[in-house]
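What follows is a set of notes on a single structure, which appears directly below.
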Amino acid sequence: IQQKQAWISDVNADNNEDKLSFVGRFSVNDNPQIVARDILETLKINPANYRTDNPIREWIDAAEANGIFVSRTSFIHSRLKLDSEELQGFAIADPYAPFVFVNSDDWNAPQLFTLVHELAHIWIAETGISNEVEPELKNKDKYHPVELFCNEVAANALMPKGIVLSFDSKTYQNSKEIFKAAKQLGVSSFALLVRALNLQLISAPVYNKLKKQVDIDFAAYLKREADKKAKQKDKPGGPNYFLLQLNRNSRLFTQNVLDAFRGGYIEPTLASNLLNVQVNKFQKLELQLIR
């Protein structure tokens, strides 16, 4: 990803493209709520009103529409998978070509939190690797101040105070209601619980009680998902190779490389190396772009 990022950054700089004004607009000394609000306004996202039931797709599309390249995969190559406990994501905060990577070896809610956490890195121009997104409440002092700040920004962007306070009073009575509210916002039940505690909507004892319920529900969910995956393995076929490559390279990056290739600005070999796809397969890759 560093190689891809360096290439596209040089191209944009050489073409005298404008620097992206939001990269480094704030610092770690600013108010996380203000940074979160700026991210939402820049990307034109309203967490109270997602247009689909797939918020992470909406966030990625909005980020890429604003010049941020988003790569999302869980494989280094076909035999080597990334462990989400070791690496959840990283950001390269470059004013010409900011890149965000999200490890997709997780379910969508933690991925979305990671994505917005990494966007916060770009807004404060802090390149960094993240493996402690959504940390536990205890031992907070062991986390890097930048990581804690970016977590606060992500929490404020995905779960704005006004929205969380507007939830029905019964929301925090049991794990099923918490799950329902969390799903609406595209976050995990755990993230919403932490947010409610930080906003003093629930006490620490209530948080601990509900977290036990949420953990039990989540373990059951993981088992159902594992069973589903096991059944899918028996079915012929698998994930679309070109869709996987598109998500891995970033849709925006793929479009840039294909445009440069079609315009005769780069050699076929370079285009193929940048996209990890053979030139004679570019047409199939393009078909995924317009879906």
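So the values come out like this:
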{"item": "Answer residue from the stretch 32-51, given it is part of a loop (DSSP other than H, G, I, E, B) and closer than 12 Å to residue 158 by Cα and is most open to solvent (accessible area, probe 1.4 Å) among those", "result": "49"}
{"item": "Selected residue (criterion: farthest from residue 37 (Cα to Cα)) from residues of the stretch 156-182 that are touching a residue at least 60 places away in the same chain (Cβ under 8 Å) and crowded, with 16+ Cβ neighbours inside 10 Å", "result": "182"}
{"item": "Odd one out for residue 270, checked against (1) out of contact with any Phe, Trp or Tyr (no Cβ under 7 Å at 6 or more places or on another chain); (2) surrounded by 14 or more Cβ atoms within 10 Å (Cβ to Cβ); (3) under 27 Å from residue 58 (Cβ atoms)", "result": "(3)"}
{"item": "Hits in the stretch 177-202 - residues which are closer than 22 Å to residue 115 by Cα and among the polar types (S, T, N, Q)", "result": "184, 188, 189, 198"}
{"item": "Residues of the stretch 237-260 satisfying the condition of being aromatic (Phe, Trp, Tyr) and open to solvent by 40 Å² or more (accessible area, probe 1.4 Å)", "result": "241"}
{"item": "Residue under evaluation residue 201, criteria (1) in a helix (DSSP H, G or I); (2) of a type outside the set (Asp, Glu); (3) at pLDDT 90 or above, criterion not met", "result": "(1)"}
{"item": "Residue in the stretch 66-82 that is open to solvent by 30 Å² or more (accessible area, probe 1.4 Å), part of a helix (DSSP H, G or I) and modelled with pLDDT of 95 or more present", "result": "no"}
{"item": "Options 224, 195: the member that is free of Cβ contacts under 8 Å to residues at least 12 places away in the same chain and of a type in the set (D, E, K, R)", "result": "224"}
{"item": "One residue from 270, 244, 258, 287 being closer than 25 Å to residue 100 by Cα, without any contact (Cβ under 8 Å) to a residue 12 or more places away in the chain, assigned to a helix (DSSP H, G or I) and out of contact with any Pro (no Cβ under 7 Å at 6 or more places or on another chain)", "result": "270"}
{"item": "Single unsatisfied condition, residue 201 versus (1) farther than 18 Å from residue 162 by Cα; (2) surrounded by fewer than 20 Cβ atoms within 10 Å (Cβ to Cβ)", "result": "(1)"}
{"item": "Any chance residue 54 is modelled with pLDDT of 95 or more and either open to solvent by 30 Å² or more (accessible area, probe 1.4 Å) or of a type in the set (S, T, N, Q) (or both)", "result": "no"}
{"item": "Selection from the stretch 102-131 of residues that are outside any loop (DSSP other than H, G, I, E, B), open to solvent by 10 Å² or more (accessible area, probe 1.4 Å), touching a residue at least 40 places away in the same chain (Cβ under 8 Å) and farther than 19 Å from residue 182 by Cβ", "result": "129"}
{"item": "Subset tally (residues that are modelled with pLDDT of 70 or more, within 30 Å of residue 286 (Cβ to Cβ) and part of a helix (DSSP H, G or I)) for the stretch 216-241", "result": "2"}
{"item": "Filter pass, residue 195 being crowded, with 16+ Cβ neighbours inside 10 Å, touching a strand residue (DSSP E or B) at 6+ places or on another chain (Cβ under 9 Å) and assigned to a helix (DSSP H, G or I)", "result": "no"}
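The values are calculated or read from the model by the stated rules, or taken from the named source; none is laboratory data. Computed from a predicted structure; not experimentally measured. Counting neighbours? That spans all protein chains shown, and the Cβs are built from the backbone with ideal geometry, glycine included. Note: accessible area is taken over every heavy atom of the protein model, side chains too, but ligands, DNA and RNA are not part of it. Shrake-Rupley method; radii C 1.70, N 1.55, O 1.52, S 1.80 Å.
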